[in-house]
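None of the figures in this text is laboratory data; all of them are computed from the coordinates on show. In this text the structure is predicted, and so the values were computed from the model without any measurement. Here the Cβ is made from the backbone with ideal geometry for all residues, glycine too, and neighbour counts use every protein chain on show.
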Amino acid sequence: MKLENTIRRNRFDKGEMSQQELANAVGVTKQTIHSIEKGKFNPSTFLALKLAKFFDKTVEELFYLSND
Amino acid sequence: MKKVVNVYFMMITAVITLAALLIVIYLINTFPNMLVEKNSLQLIPVLCYFFAFGFHIISVFFLIQSFKNQLKYRKFKIFVLVIFVLSVISFMMDKVMIDELADDMRYGLEYDLIMVTIPLLVKVFYTVLILILIFLLLTDKNVLNIFEKKDETIFTIAQIVGLISGILGMILVLSHFLRSLPNHGSWLPAYSIFFIPYGIIIAYWLVIKFKENILEWVDEKQWKDVLRAALTTLILSIPGLGLMFIFNKPTEYYWFPYFVFFILIVFSGSTLVFYKST
């Protein structure tokens, strides 16, 4: 099982926001956002909730499990 | 507009500095006794040197400004880092040169021309690199784009500088060790010079982070990468130190700087690899 996310799509839906702008908004580095979108880094619960709050969505709408 | 004026100011002063340094090198090689005998020409190399030293100081702020301007291309960042490390080494070489000259003069000895020429040549090389950087800045349309990064640049820079410093220090230590140069601990202060660039970056990072909560000094991914790098360093440090004994040479004091530089290389390198690849 692998953790997937819709961060990139939501980022573009929010006025083609850049990774850097999103990183500034939630208080992490651009590299962290990039790694999350690529599925190479799983965020903590705290960061996942911050991202969900920023996009005005639930955590389940942003992150989901997929069978690899 | 302000940055363009600064870049042009740096370009003019860099050209003058280059000329001044070449004049000094020419004079002291043509008139070797100039620095020890009272001579009307003495003032020229002294003034030229101080002008070059002043330019060197200003160029350090220029390099820091280049960091803060968040140069867009990675090649620029690496290039600025290399110049920064060379700048610190050049300062240290100046100190050694002046100390050696003072000792020679105090004891009435002839000064070694190489001791004077080499630091000046390093300064020439450094000034040329600054000029190349200025040229790249002036010819790249996007180079002055400024965008905010949350401490990411400083974190990456610290690792790259640590890696460069570690490699340079390791080369020096191994060159002494493999040639079995007698070491009575007198070289240890010289090895510490290579930690200065890394120390400056870390100190700068601590200064800008001082007022923040320690848990927010790095983000969660950076914490994870640093911890993985620390574990990697711990595991590799023992066989790394063991490598020294393969050469079947007396290790004397060399094991200590070798071990420290090895750790610096592995820790900085692995942090960088984990941070960028995951």
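Some points to look at:
- Counting only other chain Cβ atoms within 10 Å of each residue's Cβ, the peptide A:38-44 averages 3.
- Net length gained if the chain between residue B:234 and residue B:171 were fully extended (0.36 nm per residue, minus Cα distance): 20.5 nm
- Chain A: relative contact order in percent, alpha carbon pairs under 8 Å with at least 6 residues between: 47
- Label point distance in nm, residue B:256-residue B:227, each placed 7 Å from Cα along Cα→Cβ: 3.3
- Panel order for B:212, B:152, by other beta carbons found within 10 Å of each beta carbon, from fewest to most: B:212, B:152.
- Folded to 0 to 90 degrees: helix A:45-55 orientation relative to chain A principal axis, Cα: 50
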